[in-house]
Amino acid sequence: MIHAALAQDVVRQVPPESTQQAIGYPALFLLVLLGSLVPVVPTGALVSTAAVVAFHHSDPFALLVVFALAASAAFLGDIGLYWLGLRGVRSRNGSRLLETLRGRAAPDRLEQARRKLHEHGSQVLVLSRLVPAGRIPVMLACLLSTMPMRGFARGDVPACLAWAAAYQLIGVLGGSLFPEPWQGVVAAVALALLISGAPAVWRRLRGA
C-alpha cells in the first residue's frame, strides 16, 4: 500500500510534457535527419509543429531545444547526402543517388543554381535552404562543380540555422494566433506545406 501510494505521488508530480519531450525530441531529430537525406519528408512542417507545441508549453528552453535539434539534424542530413553525392561524382560510373538528384532538379533551376554558385560561392547555400525547392538544385550544382566537403559544410551551417529559425517562427506565429495547440499545429503545417509546395505548383501551371 505504501509503495502504491508513493508511485501515485510520483506520477502526479511528473509533468505530462516530460513524456512528450522524451518521445518528441528524438523523433523530431530523426525525422528531420531522414527528410534531409531523403527529400520527400516535409521537414519544415515538422519543425513548425514542434515549435507550436513548445510555444504552448510556455517554455523558452523547449523552443531553444527544437531549434538546436532541427538545425543540427538538417546539417547532418545535408552533409551525409553531399558525401554520398561526392562519391557518385568521383566514381567512373556515377551513382543512382546522383541521377535521383538530377531528376528532382528542374533544368532551369539547376542552371540558375550554377550561375548563382559561380557568382556568390557557398553563400548561395543559405538562400537555397530558405527558398522552397532550392536546396537540391544548389546542392547538385555544388556537386557538379566538385566543391570540397569543407567548403560545402562552411556554407551549410548558416543555411541550416536560418532554415530552422524560419520554420520555427512559422510555428510560433501559428501557436500565438490560436488558443488551442491543435489549431496552431493545423495553421502552421498548412502554411509550411503551402510555402514548400508553391514552386512545384507554379512550374506545373507554367508548363500547362
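Any idea which of (1) at pLDDT 90 or above; (2) open to solvent by 70 Å² or more (accessible area, probe 1.4 Å) is the one F67 doesn't satisfy?
(2)
How many of the residues making up the stretch 85-116 are open to solvent by 20 Å² or more (accessible area, probe 1.4 Å) and either modelled with pLDDT of 80 or more or among the hydrophobic types (A, V, I, L, M, F, W, C) (or both)?
Just the residues of the stretch 85-116 that are open to solvent by 20 Å² or more (accessible area, probe 1.4 Å), to begin with: 87, 89-97, 99-100, 102-104, 106-112, 114-116.
Add one more test, that the residue is either modelled with pLDDT of 80 or more or among the hydrophobic types (A, V, I, L, M, F, W, C) (or both), and what stays is 87, 89, 97, 106, 110, 115.
Of the residues in the stretch 85-116, 6 are open to solvent by 20 Å² or more (accessible area, probe 1.4 Å) and either modelled with pLDDT of 80 or more or among the hydrophobic types (A, V, I, L, M, F, W, C) (or both).
The values are calculated or read from the model by the stated rules, or taken from the named source; none is laboratory data. Since the model is a prediction, treat every value here as computed from it, not as a measurement. Side chains are part of the model used for accessible areas, which takes the heavy atoms of the whole protein and leaves out ligands, DNA and RNA. Shrake-Rupley method; radii C 1.70, N 1.55, O 1.52, S 1.80 Å.
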